[in-house]
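Heads up, the thing below is written out as structure tokens.
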2 protein chains.
Amino acid sequence: MLHLQDAELHTNEAYPGTQAVARAIALLKAFSDAQPEWGLRELAQATALNKTTAFRLLSALEAEGLVMRNPLSGGYRLGVEMVAMGGTAMRSNPLRAVSRPNLETLAQTVDEASTLEVLVGSQVLIVDEVSSRHPMGMSQDVGSRLPAHATATGKVLLAYAGEGGSAPLPSSLVRMTEKTIVDPVILALEFEQIRQRGYAVAVDELELGFVAIAAPVFDRERVAVAAISIGGPGLRLTADRLPEVTGLVQMTARQISRQLGYWPG
Amino acid sequence: MLHLQDAELHTNEAYPGTQAVARAIALLKAFSDAQPEWGLRELAQATALNKTTAFRLLSALEAEGLVMRNPLSGGYRLGVEMVAMGGTAMRSNPLRAVSRPNLETLAQTVDEASTLEVLVGSQVLIVDEVSSRHPMGMSQDVGSRLPAHATATGKVLLAYAGEGGSAPLPSSLVRMTEKTIVDPVILALEFEQIRQRGYAVAVDELELGFVAIAAPVFDRERVAVAAISIGGPGLRLTADRLPEVTGLVQMTARQISRQLGYWPG
DNA sequence: AATCGTGTTTCATATTATGAAATAATTGTA
DNA sequence: TACAATTATTTCATAATATGAAACACGATT
């Protein structure tokens, strides 16, 4: 059995002797905002797992509360334990702990929402968000992912990730609006400019009417581990405000970087 | 090998053939607000796993981003992928989707924070929170857990969980304040009263100066799947306001229940 | 230099995960 | 109502995969 289908299909060879865990996580990662509920067969198919194997792994995940079933449809969903662990993960994120007070003052100064984001593959993950009017809470979309090439933060992170050589461009640059940069060549030029200026701007690139300005956060090893941004409607974040806002974003990013042990030079 | 140490130690026999997954999840569950970072040896010890096994499983989790390492200390932490999954889990929670608008109006009407919580073992998990001043965001402690017997929501859920026979009392009733109910007999009487009245109040039981009022949310199978609450400082939530607030909390809970398919009678 | 405490790698072993096939449950269709 | 057709479970022989003892490497602290 086990017709050695394709062990080398997955790029992350990781560590031998953990097939079951890797597969279980693959199942968990299949759940998304777009498809939060799966039937067994389609989920097994989507993860390229044997139906029985998927069932067994899901049963284990369900027993631990990471996955729960819709009593009506019988479909699988992420469970409450996942919510709990995500909360713990977020609260224990050292980057977030350092950044939060800085993000709060930034958001209040500019009176627009500020975010902290990291690069995960070809997407940016919103690690924290402080909305200007509600400085104590965190926005709904913490934990959301967005296509990196269509966001200011993502462009910053991609620009500095590939600083040494060629930037690791996502294979497919999906178009979000007519302003989204989908040409790899133009995007490479954009990255060059971002590295020179030290910040990125995205106007209508993710969503029509949405403007964002982002700057990189460096750790003590001088790698861009995150990016912060100010984002809001173009009606408020007008062109004449950009120089001022850009300066504030860059200043905040430098402050966070310094608190992470980064030293310019 | 595998000196069959104690396969029956864990209560959840779950499904055979998923040892590795169950162990990996045990590792993940070890991370908490109190101890967000672990060394390999202590984590292996805490989860009763062989050091090598723990290392291998953690490597797999790390490769998938569920766990990350502190580059300085080498310690293990929950990773960013965990944040992402938690966010997805929360946003896809059907209970939360139904409750949120109701919680928002409740919070605004009373002008205090409202929460949605579910019972996980002997603790309540905060699934959602709407703070009165910041109605759009969600509070920091979504995903946090609190001892059920010391909270209004927890008491409600325990009272209705054991409705049929004896209530499933947590084995150790930890004392949070001098008002915390730690006597099982008194707690049982409290549950009886809660079932009769249809709501629970907790004054200074979790934290001195903190008052909360909770009511149960029923699904279409008439089981109390969650509880909602209003909570705030005793200085604002005074005794004379309780009747009014209690009514609003109960009304909101009934509305959510009805939207879940519950029909009274 | 030496000892202790970490984390990491190796490797023989058989326990444990595996998937084909059979069965049960559910749904849609004649 | 019976009959397909689809999905979810269970069973079970098989060996691939997870396992843990032991050896190793590395960095502290003495």
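Laid out as a table, the results:
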| item | result |
| --- | --- |
| Failed item, numbered, when B:Glu205 is tested on (1) surrounded by fewer than 21 Cβ atoms within 10 Å (Cβ to Cβ); (2) of a type in the set (Asp, Glu); (3) modelled with pLDDT of 95 or more | (1) |
| Search result, residues across region B:27-40 that are hydrophobic (A, V, I, L, M, F, W, C), more than 8 Å from chain A (Cβ to nearest Cβ) and either over 18 Å from A:Ala89 (Cβ atoms) or open to solvent by less than 40 Å² (accessible area, probe 1.4 Å) (or both) | B:Leu27, B:Ala30, B:Trp38, B:Leu40 |
| Residue in region A:41-56 that is within 8 Å of another protein chain (Cβ to nearest Cβ), within 23 Å of B:Leu28 (Cα to Cα), near DNA strand D (Cβ under 10 Å from one of its atoms) and aliphatic (A, V, I, L, M) present | no |
| A:Asp111 vs. criteria modelled with pLDDT under 95 and closer than 14 Å to A:Ile230 by Cα | yes |
| Qualifying residue in region B:216-223 (condition: within 14 Å of B:Ala107 (Cα to Cα) and either of a type in the set (Ser, Thr, Tyr) or open to solvent by less than 10 Å² (accessible area, probe 1.4 Å) (or both)) | no |
| Checking B:Glu129 against (1) closer than 23 Å to B:Pro147 by Cα; (2) assigned to a helix (DSSP H, G or I); (3) open to solvent by 10 Å² or more (accessible area, probe 1.4 Å), the condition it does not meet | (2) |
| Among the residues listed as B:Leu106, B:Leu116, the single one being modelled with pLDDT of 95 or more, more than 9 Å from chain A (Cβ to nearest Cβ) and part of a helix (DSSP H, G or I) | B:Leu106 |
| Checking B:Val21 against (1) within 12 Å of DNA strand D (Cβ to nearest atom); (2) within 10 Å of another protein chain (Cβ to nearest Cβ); (3) surrounded by fewer than 17 Cβ atoms within 10 Å (Cβ to Cβ); (4) not aromatic (Phe, Trp, Tyr), the condition it does not meet | (3) |
| Within region B:82-96, tally of residues that are part of a helix (DSSP H, G or I) and either more than 7 Å from every other protein chain (Cβ to nearest Cβ) or hydroxyl-bearing (Ser, Thr, Tyr) (or both) | 4 |
| Within region B:50-63, tally of residues that are surrounded by fewer than 21 Cβ atoms within 10 Å (Cβ to Cβ) and within 19 Å of A:Leu66 (Cβ to Cβ) | 2 |
| Selected residue (criterion: nearest to B:Leu95 (Cα to Cα)) from residues of region A:51-81 that are of a type in the set (A, V, I, L, M, F, W, C) and assigned to a loop (DSSP other than H, G, I, E, B) | A:Leu72 |
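The values are calculated or read from the model by the stated rules, or taken from the named source; none is laboratory data. Here the structure is a predicted model, which means the values were calculated and not measured. A quick note on method: Cβ atoms are made from the backbone with ideal geometry, for glycine too, and the neighbour counts reach across all protein chains shown. With ligands, DNA and RNA removed, areas are computed over all heavy atoms of the protein, side chains included. Shrake-Rupley method; radii C 1.70, N 1.55, O 1.52, S 1.80 Å.
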